[in-house]
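The values are calculated or read from the model by the stated rules, or taken from the named source; none is laboratory data. Note that the structure is a prediction, hence the values are computed from the model and not measured. We place every Cβ from the backbone using ideal geometry, glycine too, and count neighbours over all the protein chains shown. These accessible areas exclude ligands, DNA and RNA; they are computed on the full protein's heavy atoms, side chains included. Shrake-Rupley method; radii C 1.70, N 1.55, O 1.52, S 1.80 Å.
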Amino acid sequence: MIPFTLLPEKLLYSISKSFLAIGRFLSSFFPLLATWLKQAEYPYSPREFSAMAFVAGLFNSLFLFAMLNLIGSLISRDFIVIAIAIAGAMFLFTLLSILAHPVIVSMRRARQIDTNLINAVRQILIELHSGVTLFSAMKSVTVGYGEASVEFKNRISRIESGTPEADVLVDASASNPSNGMKRVLWQISNALKVGSDVSIALDAQLGDLTSERLEQIRRYGQELSPWTMMYMLVAIIFPSLGVTTL
């Protein structure tokens, strides 16, 4: 979904086809836009998405400009200069917000994947130790693990369509927004290529993921302590002292 636009996405895409040259020019300033779009699962090329951002910004600014001039005419005031300034600011805000939105979506997806990644990898490891094939082990985690299951389900669908496992995993590690998932898929792909035991690689990766999660929890606790102290000062101690003083 394209945010910050008054136009429906299909109509916006249709109109943007006339502005692909501008979209190509704008996308040249964002060399990572193709990666962001792939990680956010947007079905557009960088120039198409940039053209859509331009059209959305242009429409929003023109709409706001017309509304301000209409208000000015109703109250008999000249708002032309203010309208131009506000419309220009609206154009830039809409354009930059839309171009930055894939980054926000990919970061949100990365957090959602990381939430259940350790449990999903642990189940795959258990399946492999019990003698199940890698394909069946990956298929067993296509449900029940949130966004991580969605990622594994997409890879399983491509494998079932005839694409080799190693190629699917390499492509997934390049387009996935989660660094943890990238490392897991890369370890599986590397183990398949060299013919080593996948369970050994996954076991080591699971230990790394668990250590990183514990470190994140520890850092979060350290960051939370000053905020907790500040909350106690502002919400508890200062009001209590103020009441006592009064």
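When you go through ASP171, ASP167 one by one, which is the residue that is open to solvent by 40 Å² or more (accessible area, probe 1.4 Å), acidic (Asp, Glu) and under 17 Å from GLU41 (Cα atoms)? Before you say what the answer is, go through the steps one by one.
Working: ASP167 fails: under 17 Å from GLU41 (Cα atoms).
Of the residues listed, the single one that is open to solvent by 40 Å² or more (accessible area, probe 1.4 Å), acidic (Asp, Glu) and under 17 Å from GLU41 (Cα atoms) is ASP171.
May I ask you to list the residues in the range 7-24 that are assigned to a helix (DSSP H, G or I) and in contact with a Phe, Trp or Tyr (Cβ under 9 Å, 6 or more places away or on another chain)?
Within the range 7-24, the subset assigned to a helix (DSSP H, G or I) is 9-24.
Within the range 7-24, LEU12, TYR13, ILE15, SER16, PHE19, ILE22, GLY23 qualify.
Need the failing condition index for ASN116 against (1) open to solvent by less than 80 Å² (accessible area, probe 1.4 Å); (2) closer than 30 Å to THR142 by Cα; (3) not in a helix (DSSP H, G or I), just the number.
Of the numbered conditions (1) open to solvent by less than 80 Å² (accessible area, probe 1.4 Å); (2) closer than 30 Å to THR142 by Cα; (3) not in a helix (DSSP H, G or I), the odd one out for ASN116 is (3).
Select from the range 68-92 the residues that are touching a Gly at 6+ places or on another chain (Cβ under 8 Å) and modelled with pLDDT of 90 or more and list them in ascending order.
So the first thing to find is which residues in the range 68-92 are touching a Gly at 6+ places or on another chain (Cβ under 8 Å), and the list is 78-80, 83, 90-92.
Across the range 68-92, the qualifying residues are MET90, PHE91, LEU92.
Cβ-Cβ distance below 6 Å, separation of 6 or more or different chains: which pairs start in the range 80-97 with a residue that is over 16 Å from ASN69 (Cα atoms) and end on one that is crowded, with 19+ Cβ neighbours inside 10 Å?
Note: pairs meeting the criteria are PHE91/GLY57; PHE91/SER61; THR94/ALA56; THR94/GLY57; THR94/ASN60; LEU95/ALA53; LEU95/GLY57.
Please pick out the residue among ALA85, ALA66, ALA34 that is assigned to a helix (DSSP H, G or I), within 30 Å of ALA172 (Cβ to Cβ) and of a type in the set (A, V, I, L, M).
ALA34
Kindly provide the set of residues from the range 20-37 that are closer than 15 Å to ILE104 by Cβ and either of a type in the set (Val, Ile, Thr) or in contact (Cβ under 8 Å) with a residue 60 or more places away in the chain (or both), ordered by number.
Residues satisfying the conditions are PHE30, LEU33, THR35, TRP36, LEU37.
Just to verify a result, which residue in the range 119-144, among those that are open to solvent by 40 Å² or more (accessible area, probe 1.4 Å) and either in contact with a strand residue (DSSP E or B) (Cβ under 9 Å, 6 or more places away or on another chain) or assigned to a loop (DSSP other than H, G, I, E, B) (or both), is farthest from SER189 (Cα to Cα)?
Here is the first cut: in the range 119-144, the ones open to solvent by 40 Å² or more (accessible area, probe 1.4 Å) are 119, 122-123, 126-127, 129-133, 135-136, 139, 143-144.
Among the residues that remain, those that are also either in contact with a strand residue (DSSP E or B) (Cβ under 9 Å, 6 or more places away or on another chain) or assigned to a loop (DSSP other than H, G, I, E, B) (or both) are: 130-133, 143-144.
Working: SER130: 20, GLY131: 19, VAL132: 17, THR133: 14, VAL143: 22, GLY144: 23 Å.
Among residues in the range 119-144 that are open to solvent by 40 Å² or more (accessible area, probe 1.4 Å) and either in contact with a strand residue (DSSP E or B) (Cβ under 9 Å, 6 or more places away or on another chain) or assigned to a loop (DSSP other than H, G, I, E, B) (or both), the one farthest from SER189 (Cα to Cα) is GLY144.
Step by step: first the residues of the range 145-164, then only those that are surrounded by fewer than 18 Cβ atoms within 10 Å (Cβ to Cβ) and among the basic types (Lys, Arg), then the one that is nearest to the chain's Cα centre (by Cα). Which residue is that?
Step by step, filter the range 145-164, then rank; the result is LYS153.
Filter the range 202-218 for residues that are open to solvent by 30 Å² or more (accessible area, probe 1.4 Å) and touching a residue at least 40 places away in the same chain (Cβ under 8 Å) and give the result.
Within the range 202-218, the first condition is being open to solvent by 30 Å² or more (accessible area, probe 1.4 Å), and the residues that meet it are 203-204, 207-208, 210-218.
The answer is ASP203, THR210, ARG213.
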